[in-house]
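Only one structure is covered here, and it is reproduced in the block below.
Any read-out appearing in this document is the output of simple, stated calculations on the displayed coordinates, not a laboratory observation. These numbers were taken from a predicted model, which means no experiment stands behind them.
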Ligand SMILES: Cc1cc2nc3c(=O)[nH]c(=O)nc-3n(C[C@H](O)[C@H](O)[C@H](O)COP(=O)(O)O)c2cc1C
């Protein structure tokens, strides 16, 4: 990537941290970020991340081994903090000497960050507020991803542009911060790098790459969709703190509303505790995403996609996407 001197200079800290040629992460996408896409991203100079999602420790073990068979470049593993076997999953990462573990889905439970660091791996976290970001750095987090509500999948309420203005001036000099959500072109990457980010994370742009195992019908729906088709889910009951999900609108969106009503009614009747209710909602998403992304049920499955989906127009090899992003970023920096 020596053709991109300005971009490389701004990405240098990010590249050193990740051990990759570019500081472009492909964010973990449940079912989609498996060995083929992850290895392709890392082989193309990006940084792939396996989505553990609801996998058992045995499945994660096989997925990491499978990825290692396809690449000798570094890659990470994304673990969901509410997974009941979180510490066993950390042990699987340790067994394979995974260099980077991303903790997603909530604040890391007590001891989890230390357990990861003891394996020698770096810990990458998310944080909804600046105060929680600082707290996590104090607790030993090595890097932070700030992710805005333009992103695909589970989202917070604040736009990437606002998060970048809040977090980067405070954190970027001392800490490693990556920006995610709504990035479709290199011009945007240039902007965040200039603000102090050491790299970026994209999901939607990579979901339909040639190497992605996503179903052809899932990919076709992405190519047709525009930014406005990627809608955030609506919270039906204020007591049930459902994390919104951004996905292409379809029948599955309505089924999710019905699912929330069903779970809220169970809460009313005292049949489930709040934590179990939330877990039921998360299981619903995992199943619905599999139906869409793997089985190709684009009608009632969950078509998780970010607003940058309008910039995804055709199937392209990962290497071409990364080269295009780097070249657009370099052009933008050169025009300054
Ligand atoms: C289909 C899909 C599935 C996702 N699944 C996960 C996941 O399992 N864990 C996670 O931390 N993020 C997940 N994400 C978020 C991505 O890792 C990434 O942060 C996000 O896509 C970046 O924003 P963008 O979509 O605007 O590029 C998912 C995103 C998509 C589009």
message: Could you work out how much longer the chain between residue 262 and residue 81 gets when fully extended? Use 0.36 nm per residue separation minus the Cα distance between them, nm to one decimal.
response: 62.7 nm
field: Dimensions (Å) - segment 187-258, Cα atoms, principal axes, largest first
entry: 43, 34, 21
q = 0.15, 0.17, 0.20 Å⁻¹: log10 I(q)/I(0) that the Debye formula gives for segment 179-221, counting C-alpha atoms only: -0.45, -0.54, -0.66
message: For the chain, what does the convex hull of the Cα positions come to per residue, in cubic angstrom?
response: 124
- prompt: What's log10 of I(q)/I(0) for segment 159-314 at q = 0.17 Å⁻¹, Debye sum over Cα points only, no solvent?
  reply: -1.01
- line: Against the 2.2 N^0.38 Å rule of thumb, the C-alpha Rg of segment 81-214 sits at a ratio of 1.07
message: Can you compute the radius of gyration and Dmax for segment 1-148, using only the Cα atoms, both in Å?
response: 14.7, 46
query: In vacuo Debye scattering of segment 139-227, one point per C-alpha: log10 I(q)/I(0) at q = 0.15, 0.16 Å⁻¹?
result: -0.62, -0.69
statement: Taking Cα atoms only, helix 57-70 is inclined relative to the longest principal axis of the chain by an angle, in degrees rounded to 10, of 30
field: the chain, helix-only ellipticity at 222 nm - DSSP H runs n ≥ 4, -39,500 (n - 2.57), divided by all residues, nearest 500
entry: -14000 deg cm²/dmol
message: Please compute the length gained on full extension between residue 138 and residue 313, using 0.36 nm multiplied by the number of residues separating them and subtracting their Cα-Cα distance.
response: 58.8 nm
- prompt: Expressed as an acute angle from 0 to 90° and rounded to the nearest 10, what is the orientation of the C-alpha long axis of helix 251-268 relative to the principal long axis of the chain?
  reply: 60
statement: Here the Cα Rg-to-2.2 N^0.38 Å ratio for segment 216-307 is 1.12
statement: For the chain, averaging the sequence separation of alpha carbon pairs under 8 Å that lie six or more residues apart and dividing by its residue count, the contact order in percent is 19
task: Using DSSP, restrict attention to beta bridges with both residues in the chain and report what percent are antiparallel, rounded to the nearest 5.
output: 20
statement: Taking every alpha carbon pair in segment 65-123 and sorting the distances into 10 angstrom bins from 0 up to the bin holding the longest one, the percent per bin comes out as 23, 57, 19, 1
Kirkwood-based Rg to Rh ratio, segment 111-160, C-alpha trace: 1.04
